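Values quoted throughout were computed directly from the atomic coordinates according to the rules given, and no laboratory measurement underlies them. From a predicted model like this one, the values you see are computed outputs, not experimental measurements. So basically every Cβ, Gly included, is an ideal-geometry build from the backbone, and we count neighbours across all protein chains shown.
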Amino acid sequence: MGNARRGRDQRLVSRCRVEFDRPSGSVEAETEDLSPRGLYIRTDALLPVGEETDLRLTLPDGDVLALFARVAHMLTPSAARALGRHPGMGFELIGPDTPARLKLRTHVDELKSEITNPGLSSTTQIIVVEPSVPLRTRMARCLEDAGFKVSAVASATEAFEACAVWRPDAIVSASEMPGMSGIDLAMAMSEHSTLSDVPLILTGEDGDLGRLEAFRAGVRDYVPQPFLDEELVIRVHRIAAPAPAINPGLRGSLSDITLGTLLSLLEFERKSGVLLLLGNGEIARVFVAEGKCIKLESSVVNGAARPRDRLIKLLDWTEGQFEFSPMAIGGRDEIGVSTTQLLLEHARRYDESRPTPRPK
């Protein structure tokens, strides 16, 4: 990096395809976040710390950037589980500025312009409840960096003791804990005279049933592990210090607004973020960039169906819940068509599935 300024750059979520070489051959992976000076790659194909390699990064617009980088750190699967992150490697770019480096910097600057500045006040108080010391430290640090006043404790009992000193604006708690679990904490808070209206956010790996149980218990939000620091900050900010005039999220029922109407609205307003859908025994996440659906993740595995076909199938839903969280989204477009084209294709398939009336 030469004489590059020390310090932490803001790392922004961006899903971009990246390739690098190992002795066994080329590896294709996906970035988790980017900065002007480096990137984090999700992969189990780890290289030694300090090794230098060529990277081929494909931006959302299709441009392929040839970069040269050094492995700065890595997260093995076991360490990633302890921190609630994905395994992978952090790379720092080395060598002089090149046109590819300048193009990457421009892309990161464009992502920054899409992210809402929370404008948080240090008076917004959060209690973090997490038994794992590394994860508790990481969560407290990222929330403090975002402007929150944080008190981090190891158990629900300690959280209640902290609440006796000052009433928090929100509590972020692990779902699975020794003694009192996150669900137990939610129940206890609902019966507490001063904490019944304090929003509770759970984090965990409980799967679909655990998430549904949490929402039934009155939990305001559920953040599945592994999660990114930026995702946690956005979720907590939306709950503890909502700013509807800046860039509010959307939530509601698919019985009140159809998924097709919702996607059309996001397309018209060129929104970027993650649309969470819950219904029909399925949890799905639609990644939207500038109003265009580019990726679909679902709890129902169907490897034979194309992402586009699976998304069209979701348009049949008439019941369920949705929630849209604004954030910068990048990465490869796996859907390949606009929302308008999706809706037209859905309408055509619906018409073809209807029985043809017999001529009189």
query: Counting only residues 5 or more places away or on other chains, whose amide H sits under 5 Å from the amide H of Val300 once H atoms are built in the peptide plane?
result: Ile283
task: For n ≥ 4 DSSP H runs only, could you compute -39500 (n - 2.57) per run for the chain, divide by its residues and tell me the 222 nm figure to the nearest 500?
output: -9000 deg cm²/dmol
- prompt: Out of residues 5 or more away from Arg251 or on other chains, whose amide H comes under 5 Å of its own, with H placed 1.01 Å from N in the peptide plane?
  reply: Phe324
log10 of Debye I(q)/I(0), alpha-carbon scatterers only, for the chain at 0.08, 0.10, 0.13 Å⁻¹: -0.45, -0.70, -1.14
task: Report, as a whole number in µm² per second, the diffusion coefficient that Stokes-Einstein gives for region 12-114 at 25 °C and 0.890 mPa s using the Kirkwood radius over alpha carbon pairs.
output: 178 µm²/s
query: What span do the alpha-carbon atoms of region 250-353 cover on each of the three principal axes, reported in whole Å from largest to smallest?
result: 37, 28, 27
field: Derived scalar couplings ³J(HN,Hα) [region 62-73; Karplus, 6.51 cos²θ - 1.76 cosθ + 1.60; whole Hz; x for Gly, Pro]
entry: x, 5, 9, 9, 8, 10, 10, 9, 10, 5, 8, 7
query: Want the number for Thr53 to Asp208: 0.36 nm per residue separation, take away the alpha-carbon distance, what's left?
result: 51.9 nm
message: With 10 angstrom as the radius, rank Phe324, Phe215 by how many other C-beta atoms surround their C-beta, starting from the fewest.
response: Phe215, Phe324
- prompt: Relative to the present Cα-Cα distance, how much length would full extension add between Val300 and Ala164 at 0.36 nm per residue of separation?
  reply: 44.7 nm
- line: Flagged as over-length at 28 Å C-alpha distance, from Lys103/Lys292; Lys149/Lys292; Lys149/Lys271; Lys103/Lys313; Lys292/Lys313, the pairs are Lys149/Lys292; Lys149/Lys271; Lys103/Lys313
query: Mind listing the phi-derived Karplus ³J(HN,Hα) values for region 22-31, rounded to whole Hz, using 6.51, -1.76 and 1.60 with θ = phi - 60°, and x for any glycine or proline?
result: 10, x, 7, x, 6, 10, 10, 9, 9, 6
